[in-house]
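Let me begin by presenting the structure, written as structure tokens, before commenting on it.
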Amino acid sequence: MKKSMSLQEFYEMFAVNRPDITIPNTILDAHTGHFNVFKRFGYCTLNPSPYNRRDFYKIAYIIGKGVLHYPNQEIEIDGCALMITNQTVPYSWQSTSEFQSGYFCVFTENFMRQRTEPLKNSLLARIQDNPVFYINKEQQGHVSRIFEKMIVEMESDYTYKYDLIRNYINLLIHEAMKMQPSEAHVKSNNASSRIASLFFELLERQFPIYSPEHVLQLRTANDFAERLSIHVNHLNHAVKEVTGKTTSEHISGRIANEAIALLKHTEWNISEIGYCLGFEYPANFNLFFKRQTMAAPKSFREKIIGLS
């Protein structure tokens, strides 16, 4: 499993299915970053994309059926939806119907550098739980028009077209935010919120595991507290206040999700998976996994293979 997919690799992957396209230059310039937009037709096949992080952001307007393989779940999409993915969370997309339509755009963090709100505070960074937003009929027409305007601007010679495209990206983000409960948009700036945010950023930075020799370094609340230079009680209080769950629950859940991904998407043996997740002895990993999922790693993998 690769640590992450670069934009160049992303374009080359699609070029295999679309030999008629020209792989674009992935850098507009050293400061502007990169943006591109496409129609999905012809790009999405029934073969799943690699499961890993991407070195870029992606917003897709999906019309068709497919499954998003995410760290903590498999999300089935059947209809019209916006899918927003960031640089932090690994995922894989698999079309489950030949008919695939819609649009998608990809862009780097540098491209959005002129936002007044930092990316880490925007919806682009807050999609760990669910990156899929179903949109109603009225929004479908609006979203399609936004993507079409992006395509038109990319072909224009307007001096400020990338400023305009940034505004279109913001419009897409707001369309997704309309689908969230109103309380999800309330931003807390207190100390607990900042500590919890730093904790989750540090937690996600460790994943995905891309090699059996890559051993997880931070596995306990104490590990994270030391890295953040705060007392473990302070960390536990902040995380519990913001999320309602303990630090250890979040750590265990994320390790379990990575174990599930490795069992699904790699051919590593059970011992290798357990070792890279910080379990010196396979028996300890088996016990942990069974406690988290109610199934042993071996039987879980056999069931997945049987279903594929």
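The values are calculated or read from the model by the stated rules, or taken from the named source; none is laboratory data. Note that the structure is predicted; figures quoted are calculated from it, not measured. Positions of Cβ are generated from backbone atoms using ideal geometry, with glycine treated the same way; all protein chains shown enter the neighbour counts. Please note that ligands, DNA and RNA were not included when accessible areas were found on the heavy atoms of the full protein model with its side chains. Shrake-Rupley method; radii C 1.70, N 1.55, O 1.52, S 1.80 Å.
For the pair Leu164 and Arg194, the difference between a 0.36 nm per residue extended length and the Cα-Cα distance amounts to 7.6 nm.
For Met154 and Ile230, the difference between the fully extended length at 0.36 nm per residue and the C-alpha to C-alpha distance is 22.6 nm. Checking the Cα-Cα distances for Lys137/Lys245; Lys39/Lys240; Lys65/Lys298 against a 32 Å cut-off, the pairs over it are Lys137/Lys245; Lys39/Lys240. Carbon-plus-sulfur accessible fraction, region 215-308 (probe radius 1.4 Å, protein heavy atoms only): 51%. To the nearest 0.05, what FRET efficiency results for Thr243 and Glu76 with a Förster distance of 30 Å applied to their C-beta separation? About 0.70, to the nearest 0.05. Straight-line cross-link reach from Lys303 at under 20 Å between alpha-carbon atoms covers these aspartates and glutamates, not counting any fewer than eight positions away in the same chain: Glu74, Glu76, Glu258, Glu267, Glu272. Less than 18 Å from a label point 7 Å out along the Cα-to-Cβ axis of Arg291: which backbone N atoms in region 238-258 qualify, by residue? Within reach of a label on Arg291, which here means backbone N under 18 Å from a point 7 Å along Cα→Cβ, region 238-258 contributes 245-258. Solvent exposure of region 44-115, expressed per residue, is 35 Å² of accessible area, with all protein chains present and a 1.4 angstrom probe.
Gain on full extension, evaluated as 0.36 nm per residue between Arg205 and Ser299 minus their Cα-Cα distance, stands at 30.9 nm. Relative contact order for region 201-308: 25 percent, from Cα pairs under 8 Å spaced at least 6 residues apart, divided by residue count.
Taking all protein chains as shown and a probe of 1.4 angstrom, Ser49 keeps an accessible surface of around 20 Å². Think of a 1.4 Å ball rolled over the protein heavy atoms: region 198-251 then has 55 Å² of accessible area per residue.
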